[in-house]
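Read the structure below first, then the notes.
The values are calculated or read from the model by the stated rules, or taken from the named source; none is laboratory data. Small disclaimer: the values here were computed from a predicted structure and weren't measured. Every residue, glycine as well, gets a Cβ built from its backbone with ideal geometry; the counts of neighbours run over all protein chains shown. For accessibility, only protein heavy atoms count, side chains too; no ligands or nucleic acids. Shrake-Rupley method; radii C 1.70, N 1.55, O 1.52, S 1.80 Å.
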Amino acid sequence: MANQQEFLVQLPPVEQIGIVVKDMDQAIDYYSSTFGWGPFHVMDFEMKGATYRGQICDCRLKIGFYHADPVEIELIQVLEGDTPHTEFLRERGEGLQHLRFSVDNLDDMLAKLAKQGIKPVFQHSYPEIGISFAYLDTDKIGGVMFELIETKKVERV
């Protein structure tokens, strides 16, 4: 009989791979011409009032998305502000920065993780569109941060 292990926290399958880059255009050219990834949907993304390492922060990111079903590839270039992406680029250079998992209830999952000593380092919510996310301090082992995202259907009036 096989051993059945009980996990402290059960995460769903990975849905996104986040890669921090210095130059979005150069990264898209590389990934497109070398691996055939694309097309990428690129947008500037302004974030006001996020929490980063316990402080309120504003930042601006350029983000490129490519849907490589079932996983999304996200390229992230920091344009302004201090974020986990800025920290990653400063300490490690370009590369795989996070894996994202979709959860049904972000607050409940963060409470479970807090009992294991895992806390958010970057967090923000957009109630008007039903999105909340948190980056976790999981990079100490394995070098990869985890992002949890909750999406809710928002009724439009």
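Specify the residue that is most open to solvent (accessible area, probe 1.4 Å); the eligible residues are those in the stretch 122-155 that are more than 16 Å from the chain's Cα centre (by Cα) and β-branched (Val, Ile, Thr).
Looking at the filtered set, the residue picked out is ILE141.
Being touching a residue at least 60 places away in the same chain (Cβ under 8 Å) and open to solvent by 50 Å² or more (accessible area, probe 1.4 Å) narrows it down to one residue among LEU113, LEU79, LEU96; which is it?
On the way: LEU113 fails: open to solvent by 50 Å² or more (accessible area, probe 1.4 Å); LEU79 fails: touching a residue at least 60 places away in the same chain (Cβ under 8 Å).
None of the others qualify; the one that does is LEU96.
Hey, among ASP108, ASP104, ASP69, which residue is out of contact with any Cys (no Cβ under 7 Å at 6 or more places or on another chain), more than 15 Å from ALA134 (Cβ to Cβ) and surrounded by fewer than 18 Cβ atoms within 10 Å (Cβ to Cβ)? Can you show your working first?
On the way: ASP108 fails: more than 15 Å from ALA134 (Cβ to Cβ); ASP104 fails: more than 15 Å from ALA134 (Cβ to Cβ).
Answer to the check: ASP69.
For residues that are of a type in the set (S, T, N, Q) and either surrounded by 15 or more Cβ atoms within 10 Å (Cβ to Cβ) or within 16 Å of the chain's Cα centre (by Cα) (or both), tally how many sit in the stretch 23-51. Lay out the reasoning, then the answer.
Taking the stretch 23-51 as the starting set, the residues that turn out to be of a type in the set (S, T, N, Q) are 26, 32-34, 51.
Keeping just the survivors that are either surrounded by 15 or more Cβ atoms within 10 Å (Cβ to Cβ) or within 16 Å of the chain's Cα centre (by Cα) (or both) gives 51.
Residues that pass the stated criteria total 1.
Note down all Cβ pairs under 7 Å where the first residue falls in the stretch 121-138 and is within 16 Å of SER102 (Cβ to Cβ), the second is open to solvent by less than 40 Å² (accessible area, probe 1.4 Å) and among the polar types (S, T, N, Q), and they're at least six residues apart or on different chains.
Pairs found: SER125/SER132.
Can you name every residue in the stretch 139-155 that is farther than 21 Å from LEU89 by Cβ and in contact (Cβ under 8 Å) with a residue 12 or more places away in the chain? Steps first, answer last, please.
We begin by selecting, within the stretch 139-155, every residue farther than 21 Å from LEU89 by Cβ; these are 148-155.
Once the filter is applied, which keeps residues that are farther than 21 Å from LEU89 by Cβ and in contact (Cβ under 8 Å) with a residue 12 or more places away in the chain, the stretch 139-155 yields LEU148, ILE149, GLU150, THR151, LYS152, LYS153, VAL154.
If we scan the stretch 52-62, do we find a residue that is open to solvent by less than 60 Å² (accessible area, probe 1.4 Å) and in contact (Cβ under 8 Å) with a residue 60 or more places away in the chain?
First, pick out the residues of the stretch 52-62 that are open to solvent by less than 60 Å² (accessible area, probe 1.4 Å): 52, 57, 59, 61-62.
Those left that are additionally in contact (Cβ under 8 Å) with a residue 60 or more places away in the chain: 52.
Checking the stretch 52-62: at least one residue is open to solvent by less than 60 Å² (accessible area, probe 1.4 Å) and in contact (Cβ under 8 Å) with a residue 60 or more places away in the chain.
More than 23 Å from MET24 (Cα to Cα) and touching a helix residue (DSSP H, G or I) at 6+ places or on another chain (Cβ under 7 Å): which single residue out of SER132, SER102, SER125 fits that description?
Details: SER102 fails: touching a helix residue (DSSP H, G or I) at 6+ places or on another chain (Cβ under 7 Å); SER125 fails: touching a helix residue (DSSP H, G or I) at 6+ places or on another chain (Cβ under 7 Å).
None of the other options fit; the residue is SER132.
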